[in-house]
Amino acid sequence: MSVKIAPFYILLAGVLWGTTGTTQAFAPENAHPIAIGAARLAAGGLFLFCLVLMAGKLDLKNWPIKNTIMASLCMALYQPLFFSAVTFTGVAIGTVTAIGSAPVLSGFLEWMYLKKRPSVIWWWSTSMSIFGCVLLFMNKSSVHMDPAGLLMALGAGLTFAGYTLVSRGLVENYSSLSVVAVVFTLSAILLSPFLFIFDMSWLASVRGVTVSLHLGILTTGIAYFLFSKGLVHVSSSAAVTLALAEPLTAALLGVFLLGESLNMTSWLGVFLLLLGIGVLIGSSKASEGNLEPGVVEKH
């Protein structure tokens, strides 16, 4: 796979993740957000596991158990942390804190554990993207600062950053399909108790099944597979910044499908998000053949 194409795999994954909120809006009213998250991982894990079996790419010889468990734990923790943060502190603050903190936390994790210092271009593009995300969600009316919710949102950002960092090490040595199949199957098993705690009767309806399949196959299975393929040639810090295409997609779908409106501040946020992502993609092309995009080695 060309280095030039890799960032676009991650962008496409972000676009697919951005459909999550819109899809949940069509879920049955009795579907609890955490139950939806558990069903999402269950459907996604099963889909990926069947796919890797059919492709005959499941080879567990010398498989790194420790890193796989770490990646699975990060993804399993991300679901309840994020949905709980949104419940405690509202969609706007919860989303901005979780998604906005992930790129910065990813950069620091790379610096601490991989000894790779993010470049100046990465800092500029990430700052523009995060600021754009804040402006975008200032359009939302429900703003409630809850300390517990903020901590959960930061936890969600940290777990996503941790998943990205660990997964990048896995996809360097194993096929992307095998990695996501194993990781998400384990994550689904870890979250399976939620399937028995919450009311899951909504899955018996056509709408419930459709929502679960969309979230499981498109926003989990295919999206994280594309994300993992992109990680082969994109640093984890740059990948998490590119994934900010998620809130951008969610906002635009809200306008065009759900009848929501954006004010001038939010449209400025859209512009800054696009500019930040564009700068990062441009820097990744400029660095092709040298270092990983958005990263310079620490001397």
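Computed quantities for the displayed model
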quantity	calculated
Residue count, the range 1-28 (criterion: in a loop (DSSP other than H, G, I, E, B) and more than 20 Å from residue 216 (Cβ to Cβ))	5
Members of the range 29-85 that are closer than 16 Å to residue 220 by Cβ, of a type in the set (Ser, Thr, Tyr) and at pLDDT below 95	78
Top-ranked residue of the range 240-259 - restricted to ones that are in contact (Cβ under 8 Å) with a residue 60 or more places away in the chain and part of a loop (DSSP other than H, G, I, E, B), ranked as nearest to residue 115 (Cα to Cα)	243
Residue count for the range 42-66, restricted to those that are surrounded by fewer than 20 Cβ atoms within 10 Å (Cβ to Cβ) and either out of contact with any helix residue (DSSP H, G or I) (no Cβ under 6 Å at 6 or more places or on another chain) or farther than 17 Å from residue 177 by Cβ (or both)	15
Hey, residue 223 buried (at least 17 other Cβ atoms within 10 Å of the Cβ), of a type in the set (Gly, Ala, Ser) and out of contact with any Ser or Thr (no Cβ under 8 Å at 6 or more places or on another chain) or not	yes
Matching residues in the range 149-189 - criterion: being under 18 Å from residue 33 (Cβ atoms) and crowded, with 19+ Cβ neighbours inside 10 Å	149, 152, 153, 155, 156, 157, 159, 160, 187, 188
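The values are calculated or read from the model by the stated rules, or taken from the named source; none is laboratory data. What you see is a predicted model; the values in this text were computed from it and never measured. Glycine also receives a Cβ, built like all others from the backbone with ideal geometry; neighbour counts cover every protein chain displayed.
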